[in-house]
1. Mind listing whichever residues of the range B:447-469 are surrounded by 16 or more Cβ atoms within 10 Å (Cβ to Cβ), part of a loop (DSSP other than H, G, I, E, B), out of contact with any helix residue (DSSP H, G or I) (no Cβ under 6 Å at 6 or more places or on another chain) and more than 10 Å from chain A (Cβ to nearest Cβ)?
2. Do any strands (runs of 3 or more DSSP E) lying entirely in the range B:124-221 carry at least 1 residues that are in contact with a helix residue (DSSP H, G or I) (Cβ under 7 Å, 6 or more places away or on another chain) and over 28 Å from residue B:72 (Cβ atoms), and which ones are they?
3. Can you name the number of the only condition in (1) within 14 Å of another protein chain (Cβ to nearest Cβ); (2) outside any loop (DSSP other than H, G, I, E, B); (3) surrounded by fewer than 20 Cβ atoms within 10 Å (Cβ to Cβ) that residue A:264 fails?
4. Name the residues in the range B:116-148 that are over 23 Å from residue B:105 (Cβ atoms) and free of Cβ contacts under 8 Å to residues at least 40 places away in the same chain, would you?
5. Could you tell me which residue of the range B:470-489 is nearest to the other protein chains (Cβ to nearest Cβ), considering only residues that are under 24 Å from residue B:51 (Cβ atoms) and free of Cβ contacts under 8 Å to residues at least 60 places away in the same chain?
6. Does the range B:416-438 contain at least one residue that is more than 14 Å from chain A (Cβ to nearest Cβ), surrounded by 19 or more Cβ atoms within 10 Å (Cβ to Cβ) and either at pLDDT 95 or above or under 20 Å from residue B:363 (Cβ atoms) (or both)?
7. For the range A:357-431, list the strands (runs of 3 or more DSSP E) that sit wholly inside it and hold at least 3 residues that are away from chain B (no Cβ under 14 Å) and free of Cβ contacts under 8 Å to residues at least 40 places away in the same chain; which are they?
8. What number of residues within the range B:264-281 are within 13 Å of another protein chain (Cβ to nearest Cβ) and in a loop (DSSP other than H, G, I, E, B)?
């Protein structure tokens, strides 16, 4: 999987909105049905997209009775509260779409069902509401499979079949329930671009995505985008109207097929990743310096993530020449089935346990190496959103310690430069080696015992009583010890934070009661309690 | 960081004293008709350096301001008025007569400058302003402005607070008067004198029109500046070089060996090569008195004029570089005395200099790669919100410079941007990278870089290593040299480097 290595690139697409979780559809403008026109329109680049874009055109071939495949999903979800992590969190309700595929399964977006506590599925011309459960959820590619246990539900439903990658400029139709409507809506547009995109649901993963000009709005999420009776993709994200119009994205079938194959063994293993950063090798002097031929081949390895699968195999300064036999051009592209694609697309198609063969150029000598995808490069996870997990925290003496993550950053929006640096350079500076958890004193519940401690807020715990604290578990273990006092050193120049253990113990119940703290710590990110069936499948 | 937090504690307490001071009329007493106002208009044209194209200056700016006429034919203005000036002109308020002036002494940190007319007789009939150093909270000061006719426009306001605040060049904090005063807009309102009984009490530092609060550089800072300006060698306000934290937290006090309710501040950091380190101050010490003034748990001493105010005032307004100041400290509960010899810390003594005016920035252009040294002046090219807008990595390096480069005595060389050229094909999107090595040699200044590029490595290549991706940039030394004239021509680069 290709990862967005810097936080900056995540911001670029921040204007993209997810299409299901908007709980207040009333504020969105009503969908305007448009008359089909006969003239084919051209693809429009985002820069030009100021003009209200493409006139939808009639599909060349009807897609059949999609009503018999489409479902409307209403999810009631609980968003964890990172500022009061002992609470269950806020209840939210969102509407999305999904469609029946073979094996009595319904495919939808992960963001439609992530964090859900209760799912209802409805279909056209049936007054019943059917409870549903999540089978598999892949937050890294925004796909999920759900199912309905009601015995007759799938009887009259028609499973949809998947096609390939549609041609540029060809017409596609998107089906769903935009803006919360209860009846199926169809919009059409053309295929504008096929490229790697940031998937904003996790906001760290990049995969292939297809840009289409069809009008897609909240409620379209998870719905099929079809051509000639076959599913070409799943509608999933776009820009809010003030950023760009007529630009929507769908998850293409290679990503969907990969997901379906991954879960075929009963669990979702996630994408695998080389976990390296690289630069293009287009400078002639640099090519000469590295002893490369003038053949436009190869990319330069910059950083090899220690926690990733390439750690013991690749090193900075290596040049990657081929991947599984595909020659890598100096701009990082390979030729796959007649199309030019980023060389990481080869890795995208791999599964956990697979390996990749690379011809590399090291110290002006050719070499062949094999990289096995056995472990996930976990440090990336803190830079993306988490779902269906309980926030980890330790509350001690009214001081709330939490590990740094994107969710934490978004909850508190800290301006502290050190905190932001630790977040953005967690991987590139390999900060995770010293701080697998970056433990932040994120908040203070005021009490007489911590009344002078406000200036320490936002600090990162380095050591306690002379002992390095690397993980939240370390912190919890240390606080369970019984010294006279805890001397907490934060990273950087600053005074130590000193806690008298007896005073903390004495104030404990009072703080718990005053702030209605149900639990003083949570060290496990385990899924929150769901129905046993769901819990088993996640 | 801690210091700033601490200051907010301080603000609350500073207003305690001064309310008993007698109210004196601040409006000028009727002047005899012949007597001339001790005010001149000051017209300044200047140009700041363009840090994105460091070989050139930006378009000229003009500022119109007022200056306070002092004794010996000198005119006092703020430094931010005349920083980066090309030409300064004095204009008599009533007659409109003009003369050129030059900057005699400038202190960017205290934001003060002295001007001297080229025509020595220009200020002759003017009775200079005397300085009154004893303004306290509750006094009324008049802001002196000029009407277009040259007549005086005086607006009176109340001194509400005397406190330590950061000045525009954020190096330490200085004594500041805060005055509640409804200023009227007039041209020339850049430097506005504040007057009490026809004597100069302060100079406007900033004004917030919404809250109608005016901050002024107070007379004690002006007097300090003038006194040093009279010596041959202006050194500037002293700095000590340590950070501190209040000791109100009883647990922290106990940890530091303090028992009871005594005062003092906890030393959190001592910067290398500073007076504090030379005097032997250590992290964890508690400073209990400075210059024989007891310090409370928040870091305030009792000033005879202002009551409680942060002790750093003792080291700025009241002390000069070279003074030896006794510090009473407690180390692990044992009282000790340290004698700190104060020094001024020059902007150039920082790893990332906090300001740079009237000096062109250093740079080195190599085959389209523009190398510069990190400075706050460079970061301020991103505007008032530079801390948010500028590349975050560079802001981080600037902010934590003493922690990240404890050895000091170096610069951070950055690859600022890349001009597209034949040698830089494929590199044109690189920017804001920090350079670690060139041709295998460690780079701690642009001078190092200039030396290192003279010795290409085997095969005639220049290898530049960066802290960030892509980690390595390689150039063909011969191609770089061949292309230099075209590069200069195409991008209008007057000189490929400036190193002094």
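The values are calculated or read from the model by the stated rules, or taken from the named source; none is laboratory data. Note that this is a predicted model, so its numbers are computed, not measured. Here the Cβ is made from the backbone with ideal geometry for all residues, glycine too, and neighbour counts use every protein chain on show.
1. None - no residue of the range B:447-469 is surrounded by 16 or more Cβ atoms within 10 Å (Cβ to Cβ), part of a loop (DSSP other than H, G, I, E, B), out of contact with any helix residue (DSSP H, G or I) (no Cβ under 6 Å at 6 or more places or on another chain) and more than 10 Å from chain A (Cβ to nearest Cβ), so the list stays empty.
2. Output list reads B:152-166, B:173-180.
3. (1)
4. Selection gives B:147, B:148.
5. In this case the residue turns out to be B:470.
6. Yes, that holds for at least one residue.
7. In the range A:357-431, A:365-372 are the strands (runs of 3 or more DSSP E) which contain 3 or more residues that are away from chain B (no Cβ under 14 Å) and free of Cβ contacts under 8 Å to residues at least 40 places away in the same chain.
8. 3
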